[in-house]
Structure formats: C-alpha cells, structure tokens
Amino acid sequence: MDPNAVKTELVLILDYGSQYTHLITRRIRSLSVFSLCISGTSPLKSITDLNPRVVILSGGPHSVHTPDSPSFPAGFTEWAQANGVFVLGVCYGLQLIVQRLGGVVKVGEKQEYGRMEVEVERNTGIFGSKKVEDKQLVWMSHGDEVVKLPEGFEVVARSQQGSVAAIESPARRFYGLQYHPEVTHSPEGMETLRYFLFDICKVSAGWSMENVLDEEIKVIKSTVGAEDHVICALSGGVDSTVAATLVHKAIGDRLHCIFVDNGLLRFKERERVMETFEKDLHLPVTCVDATEQFLSKLKGVVDPETKRKIIGREFICIFDAFAHDLEQKLGRKPTYLVQGTLYPDVIESCPPPGSGRTHSHTIKSHHNVGGLPKDMKLKLIEPLKLLFKDEVRELGRILDVPQGFLKRHPFPGPGLAVRVLGDVTQGNALDILRLVDEIFIQSIKDAGLYDTIWQAFAVFLPVRSVGVQGDQRTHSHVVALRAVTSQDGMTADWYYFEHKFLDDVSRKICNSVRGVNRVVQDITSKPPSTIEWE
C-alpha cells in the first residue's frame, strides 16, 4: 500500500515513545481515516514527502528539559503553518509545542497520573462541541506542566488541580491535550478526536479496506512485470495466506507458494491448511515434508534463541532449493518474494525515540523469511505492511478467505519449538503438546469463547510432578495453558476463564493425554511477559 495514494487525507503520528502511540493510529483508522506512525525524530523531508493533512505529536516518557529529549525537526512549525497543516500535541507532544514555540514548561508541583477530571474553560476549537464548565474524566500521565503559553495560544481546559489540560491557537492551527484521548480510560476521548478531525481539520472519512484492496492490486500489477514470477512461503497463518491470496488475485499462477511441514506444526495442521489452500483458495502450493531435516538439527538444543535461528536457517535452505527448482522448471529466476509482514512487525523493528539507539532490541529473530541467500536477489512484496491484524482479517474477508480460517489464532513462525521449553526432540514432548493443545482449543470453541480470545495455546514445561492416576503414583509432565486478549498483539491481558471451564479442560487433558498429570494456567500480561513462552 502506497501512503502517497491517500496522502491528501493522511493523519501522520510522530512517535515520541508513549506506550499508547500506536493506539492513536488504530483509533484514527477506526474513523475511516488513513493514519501512519513514524519516528518523532524523522527528518523534515520524511514528513513533508508524506504530505499529511494532520500531524499528531504523541506522548512519551521524556521531559522537554532534558538536553537530548526527542523533538520534531527544525523548520517543522514553519512548514506546518505555511502549508495549512493541523497539528495536535498529546501529553509530551503538547509540552513540545509550548516549549518550542516560546512558552514555558516546568516540573509540576503536583504531578498528575491516572484518571482525573478536567473542566472546559472555552467552548472553541477542539472543545467547540462542549459547554463552558463541562467536565469529563480523562487519563493523565505527566510530571511536567505548562506555566506560560506561547504567543497566540489560549487555555481551553484545566484539570481539577488547576493545571493546563488543553490549549489551542486556531490561527496557527496548533492544538494540544495534556491527557490521552486515545485510551478507553478517557471515555469522551474518541468524541474529541472525531470532532478535531472532522469539524476542525475538515478531514474526509473515505478510507476503507476495499480501497486498500483495489490500490494494492494496482501496485502489484504495476510492479511485477508481465513475465515475472513471484514466490511465497505460506506458514498456514492468516497473514501469509491473505498476502498470497491478494497477490494471486493480481498476477494469477505466476505466484508459486510453498508450505513446509517442519515437524513443529499443531495437531493435523498440515492436512487442514492444505485443504484450505487447494480447495477454498485455489492457490498453487507445493507442500514439502521436512520433519526429519528440522528435528535432527534441533536435537539437544535448549536455548530458545538458538532454536529460532536453527529453524530460520533450515527454512532458508528449503526455500532456496525451492527457488532453484522453480528456476529450472521456468527457465528463469523468480523475481519477487511475498511476505506477510504486518504494521506491528514494522513497528517492533524500530528503536524507541530518544533511546539513542539506531536498532531495536531483538524481539523476534525469526519472522517471515529473513536472511535469504544473497544470490537469490529477490525483491520484496509486502502488501500488508501498513495494516494491523484486524485489518488484515477484514481484507481477507473481502478476498473470500474462509471466515473460520481468518479467525484462527496467530501461530508463531518457529511453531511448537517456542512452546516446548527445552529440547523439542526429547521423549514425546511434541506429541503430548499437540494433543493437549487440541483439547484446549476445541474446549474453547465448544464454550463459544474462541472469537473473544486473541490467542490461546498450550505449553510443554520441562518439569515432572508427582500425581495419582488409576490408584497409582505417577511421575509425569506438567503443561501450561495460555490465553490472552489483545487488539494487535503489541500488548495483551490474560483471559479470565470461569473456574468450571478450567476444571473441565484440566480433567479432559489429564484423562486423555498419556504422560500428563498436572495442568497450570499462565496469568501474566504483556508486558512484562511476551505472549509466547520462548
């Protein structure tokens, strides 16, 4: 998807490190307005090339008093005013506007964190739909406070402690909120964002997944030459499947897909996904059974990062062989590679603004097909890289991908290797985990809970416990059950099952899976944990 195709209505978020920054992106998209998020320290040209209608300066953990605190580039305010661009500062973003335009921000005597009431002082601009003295609960998170406004700015709302809560300069088209309107803890926040975008900025709500589909097909057709061939590694997940279906719609059977059974798949995964690929989506897919190849290389390996790297390397070897075989068959090398990269994957590859780093910490060392051999020289096609997971599912629905497939919970690239803690080849850990996972997931479906949970799975723990089964003492394995709720996988909360459900599923597992005598539940959110265990 090309941002320039919707640039006249683009809302651009400059990220200064708030945990809520990407929630702003999602909230705006939910209003059928296209939004993108880039680093708050991006060069001015990176901003102006996108030609946004509105720029939002996000919150962040920094203080404008710190010498190396992140800020928008020199010339930004002049460019915004000269081009009629509306600017909204949120929390730290508001303080940046004040400090950079000649106002004063000081360390607050009374810091404000959490829910707080604010009162409207002027029913103009961003609060034009409110009445003076109207009150609303908002989510505050700041230690510094504005004590002097730049010339031409006015206070339009204050907190119950008297601190500046909202400012504006309609003549300059600059606005600021000291609180976070994007979070659910600010109940009227979406109304404020909606009013700001549609009534103040006069943005049109015309962005939809249908637009994305039409636009992306045009981009693919114009990018891929008439005789070029494209390859795609299908994982069996929603992302790669929707990406492949989209490319197939654009170029037909010049797309060549490969699905690899690495021995780390879920219960009957290979049979289930291949049936969808072939019968429902009519995708040209070659299935490769590489179980022995993967498991032999993983034997004895317990370090999770090493496991991921081994799996990544083996995928590359198989993928390389597939590409060479295809070249022999076609008489020419494939030109492009399709990957189902999503926007959160792009985001997690970026360093936090103000961190002083140029690279992020390793969150996922094995994502899609990384580290391809240099002699393959494949150009990337990533049709989903500006979309969130729920948007990909909506795109898949438009492409007639079966609803049951689209609703499938995410499954990691390294498969069950990140759900068997320790050596995946030891004993019958994989077989036990497959059966436990199948019982857990089927129980969730039978209870009508599957669609309300973002991701659920079982984990094989490298410990044994004493139990009593059939009037006999057992020394068997322990398995953990994990289920989380989330919107995009970037943050997550553990799911609160009814006690009866947990009791029933625990009994089913211990009575049906030989070698298991204890079931535990993971009740950790993300952060501090990740969703997966390894």
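Return the FRET efficiency for the residue pair K407, A171: r is the Cβ-Cβ distance, R0 is 41 Å, and the value is rounded to the nearest 0.05.
With R0 = 41 Å, the Cβ-Cβ based efficiency is 0.25.
Give me the number: length gained by fully extending Q487 to I398, i.e. 0.36 nm times residue separation minus the C-alpha to C-alpha distance, one decimal in nm.
Contour length minus the Cα-Cα distance gives 30.0 nm.
Shape verdict for segment 178-323, please, from the Cα gyration tensor: rounded (a/c under 1.5), prolate (a/b greater than b/c) or oblate.
oblate
Output ³J(HN,Hα) for segment 404-411: one whole-Hz value per residue in order, computed from phi by the Karplus curve 6.51 cos²θ - 1.76 cosθ + 1.60 with θ = phi - 60°, and x for Gly and Pro.
Listing the rounded values in order: x, 6, 5, 7, 4, 5, x, 10 Hz.
Considering only DSSP beta bridges whose two residues both sit in the chain, what percent are antiparallel, to the nearest 5?
Here the antiparallel bridges make up roughly 50 percent for the chain.
Counting only protein heavy atoms and a 1.4 Å probe, tell me what percentage of segment 135-232's accessible area is made up of carbon and sulfur.
So the carbon and sulfur contribution to the accessible surface is 47 percent.
How far apart, in nm, are the 7 Å Cα→Cβ label points at E210 and I523?
Spacing of the two 7 Å Cα→Cβ label points: 4.7 nm.
Under 5 Å between amide H atoms, partner at least 5 residues away or on a different chain: which partners does L387 have, H built in plane at 1.01 Å?
It is Y343, by chain and number.
Using only DSSP helix segments of four residues or longer, with each worth -39500 (n - 2.57), what per-residue ellipticity at 222 nm results for the chain after dividing by its residue count and rounding to 500?
Rounded to the nearest 500, the figure is -9000 deg cm²/dmol.
Check cross-link reach from K307 to the aspartates and glutamates: straight Cα distance under 16 Å, and skip same-chain residues fewer than eight apart.
Candidates past the 8-residue exclusion: E292, D423, E532, E534.
Non-local amide H neighbours of Q136 (under 5 Å, H modeled in plane, Pro and chain starts lacking H): which ones?
It is V118, by chain and number.
Using the C-alpha gyration tensor of segment 3-200, what are the square roots of 5 times its eigenvalues, in whole angstrom, with the largest one first?
So the equivalent ellipsoid measures 23, 19, 16 Å along its semi-axes.
Given the pairs K249/K407; K45/K202; K299/K508; K279/K377, which span a C-alpha to C-alpha distance of over 23 angstrom in this model?
K45/K202; K299/K508; K279/K377, as the Cα separations exceed 23 Å there.
Counting only heavy atoms of protein chains, what accessible area per residue, in Å², does the chain have with a probe of 1.4 Å?
44
Under 19 Å Cα-Cα from K148, which lysines qualify once same-chain neighbours fewer than 8 residues away are excluded?
K106, K110
Per residue, what volume in Å³ does the Cα convex hull of the chain take up?
Cα convex hull per residue, to the nearest whole number: 168 Å³.
In whole Hz, with x marking every Gly and Pro, tabulate ³J(HN,Hα) for segment 443-452 from phi via Karplus 6.51 cos²θ - 1.76 cosθ + 1.60, θ = phi - 60°.
Once rounded to whole Hz, the list reads 5, 5, 5, 4, 7, x, 9, 4, 6, 8.
Could you state how much accessible area W533 has, in square angstrom rounded to the nearest 10, with a 1.4 Å probe and all protein chains kept in place?
Rounded to the nearest 10, the figure is 90 Å².
At R0 = 51 Å, how high is the FRET efficiency between K333 and Q472 if r is their beta carbon distance? Nearest 0.05 is fine.
That pair, K333 with Q472, gives E of 0.25.
Highest mean first, how do 149-158, 61-70 rank when packing is the count of other Cβ atoms within 10 Å averaged over residues?
With the highest mean Cβ count within 10 Å placed first, the list reads 149-158, 61-70.
Given segment 428-521, what percent of its DSSP beta bridges are antiparallel, to the nearest 5?
In segment 428-521, DSSP labels about 75 percent of beta bridges as antiparallel.
G89's amide H: which non-local residues (gap 5+, or another chain) put their own amide H closer than 5 Å, with H modeled 1.01 Å from N in plane and none for Pro or chain starts?
Amide H to amide H, under 5 Å and 5 or more residues apart or across chains, G89 pairs with L57, Y175, G176, L177.
If each of K500 and E133 carries a label point 7 Å out from its Cα toward its Cβ, how far apart are those two points in nm?
5.2
Subtract the Cα-Cα distance of Q19 and V155 from 0.36 nm times their separation in residues, and report this length gain in nm to one decimal.
Once the chain is fully extended between Q19 and V155, it gains 46.3 nm.
Which aspartates and glutamates have a Cα lying under 17 Å from the Cα of K333, excluding residues fewer than 8 positions away in the same chain?
Excluding near neighbours in sequence, the set is E227, D228, D253, D320, D325, D375.
Which order do C317, C91, C287 take when ranked by solvent-accessible area (1.4 Å probe, heavy atoms of all protein chains), largest first?
Putting C317, C91, C287 in descending order of accessible area: C317, C287, C91.
Quick one: Karplus J couplings for segment 18-34, per residue in order, coefficients 6.51, -1.76, 1.60, θ = phi - 60°, nearest Hz, x for Gly and Pro?
The phi angles translate into 5, 5, 9, 3, 6, 5, 4, 4, 5, 4, 5, 4, 5, 8, 6, 10, 6 Hz.
The values are calculated or read from the model by the stated rules, or taken from the named source; none is laboratory data. Since this is a predicted model, take the numbers as computed values, not measurements. Glycine gets a Cβ as well: all are built from the backbone with ideal geometry, and neighbour counts include every protein chain shown. SASA here: full protein model, heavy atoms, side chains in, ligands and nucleic acids out. Shrake-Rupley method; radii C 1.70, N 1.55, O 1.52, S 1.80 Å.
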